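See structure below.
The values are calculated or read from the model by the stated rules, or taken from the named source; none is laboratory data. Please read all numbers here as calculations on a predicted model, not as lab measurements. Backbone-built Cβ (ideal geometry, glycine too); neighbour counts: all protein chains shown.
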Amino acid sequence: MKKNKFQELFLLELEKVPIVQVACEKTNLSRNTVYRWRKEDLGFAKKMDESLSKGVALVNDMSETQLLTLIKEKNWPAISFWLKHRNDNYKNKLEITTKEDDERLTPSQAKVVKQALRLAAITKSKSINNFNKDKKHE
């Protein structure tokens, strides 16, 4: 069988189960061969990344389907997981209280609070990488 045919079969398997070792076993290829192809052929590397992404999306869809089934069966851990990860009202929160009589912050405390609030905001609107890039431009 030609190299391209082996590559196509491997990529199809990778879309079904996004685990390189499993796709290798299903197509009788060694991991070394696959990673050599990936290193030598940028087109194959791109196709491999696409197949992995499709495979991960498939597994995510299957997992969410199973989770919804468990929720319909009134499985509390499944319900809790869904709410904690999909609904802001149920996410873990951190509450900070103090017994200080003077509620004014020192300049250094204000700086720490401002930085903490900035970091908390990036989890919703920016990635850490983008935050670090923004920080370099300041």
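Name the residue, out of THR69, THR98, that is exposed (fewer than 14 other Cβ atoms within 10 Å of the Cβ) and assigned by TED's automatic domain parsing to the domain that holds ALA120.
From the options THR69, THR98, the qualifying one is THR98.
Going through LYS3, LYS54 one at a time, which residue ends up being of a type outside the set (A, V, I, L, M), surrounded by 11 or more Cβ atoms within 10 Å (Cβ to Cβ), on the phi < 0 side of the Ramachandran plot and within 18 Å of the chain's Cα centre (by Cα)?
Exactly one residue qualifies, and that residue is LYS54.
Which residues, taken from the range 12-34, are surrounded by 13 or more Cβ atoms within 10 Å (Cβ to Cβ) and over 23 Å from the mean Cα position of the chain (by Cα)?
Answer for the range 12-34, where residues must be surrounded by 13 or more Cβ atoms within 10 Å (Cβ to Cβ) and over 23 Å from the mean Cα position of the chain (by Cα): CYS24, GLU25, LYS26, THR27, LEU29, THR33, VAL34.
Could you please tell me which pairs satisfy a Cβ distance under 7 Å, a separation of 6+ or placement on different chains, a first residue in the range 42-69 that is small (Gly, Ala, Ser), and a second residue that is surrounded by 13 or more Cβ atoms within 10 Å (Cβ to Cβ) and assigned to a helix (DSSP H, G or I)?
Hits for this filter: ALA45/ARG38; SER51/LEU11; SER51/LEU14; SER51/GLU15; GLY55/LEU14; GLY55/GLU15; GLY55/LYS16.
Would you mind telling me which numbered condition in (1) surrounded by 12 or more Cβ atoms within 10 Å (Cβ to Cβ); (2) under 20 Å from the mean Cα position of the chain (by Cα); (3) not small (Gly, Ala, Ser) ASP88 fails?
Condition (1) is where ASP88 drops out.
For the structure I just gave you, tell me whether GLY43 is loosely packed, with under 12 Cβ neighbours inside 10 Å and within 29 Å of ASN4 (Cβ to Cβ).
yes
Across the range 84-114, what is the total count of residues that are under 30 Å from ILE71 (Cβ atoms) and hydrophobic (A, V, I, L, M, F, W, C)?
So the answer is 1.
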